[in-house]
Structure formats: structure tokens, C-alpha cells
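Down below is the structure, laid out as C-alpha cells.
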Amino acid sequence: GTRVVIAESGLMRGDIVADEVTVAGRLDGRIFATKVTVEDTAHIINGRIFHSVISVARGARFEGRMPWRPPSYFETLDQLPELTT
């Protein structure tokens, strides 16, 4: 499967779709992934993390929501939902 890593010095703006995502840097956007790991160095601004399994390290800064979805949600994700405020 696909794996995306945002390094500690990295900045990502936009949507990420992958099987597994690790965030150690800054993210301004959405993640659609079955498994998400948020490291203690992460700073997620205005984020939405759609996940089945998530771990968030102590010290991580997270502003946003983390809606849970079943694994089948990602298998049938052929187009991304529109951004909503």
C-alpha cells in the first residue's frame, strides 16, 4: 500500500490519500488513510484526519477533527468529499 511521511521539517498543504500516513511536521489539510500516526513534533493546523486507526503522541499540536471511518470507507473512496467549513 501507499505510505506518506511528513518529515519533522516538512510542511504539507492540501489533501493526502494513502494507506498509511505519519505526520512529524506541519500539515494544513486533510488526511484520508486507514492508519495514521501523529508524532510528538507534529503541528496540524485546521486539519481533518479521516482514519480507522490513529495514534497521537503526547506533545503533538492538533487543531481540527479526527472522524473515524471503517476500513471499507477507504476501499470505496474514489473521489474526495468537498471541503466544508
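The values are calculated or read from the model by the stated rules, or taken from the named source; none is laboratory data. From a predicted model like this one, the values you see are computed outputs, not experimental measurements. For neighbour counting, all protein chains shown are included, and Cβ atoms are generated from backbone atoms with ideal geometry for every residue, glycine included. Each accessible area value is taken on the protein alone, full model and side chains, heavy atoms only, with ligands, DNA and RNA left out. Shrake-Rupley method; radii C 1.70, N 1.55, O 1.52, S 1.80 Å.
Odds and ends about this structure:
- Selection of strands (runs of 3 or more DSSP E) fully inside the chain by the criterion of at least 3 residues being at pLDDT 95 or above returns 3-6, 11-23, 26-38, 43-50, 53-56.
- Residues of region 42-58 that are open to solvent by 40 Å² or more (accessible area, probe 1.4 Å) and farther than 13 Å from Val23 by Cβ: Asn46, Val53, Arg58.
- Single residue of region 31-41 satisfying the filter (open to solvent by 20 Å² or more (accessible area, probe 1.4 Å) and not β-branched (Val, Ile, Thr)) that is nearest to Ala60 (Cα to Cα): Asp40
- Restricting region 10-30 to residues that are among the aliphatic types (A, V, I, L, M) and surrounded by 15 or more Cβ atoms within 10 Å (Cβ to Cβ), the residue that is nearest to Gln79 (Cα to Cα) is Val17.
- The lone criterion from (1) out of contact with any helix residue (DSSP H, G or I) (no Cβ under 8 Å at 6 or more places or on another chain); (2) on the phi < 0 side of the Ramachandran plot left unmet by Phe32 is number (1).
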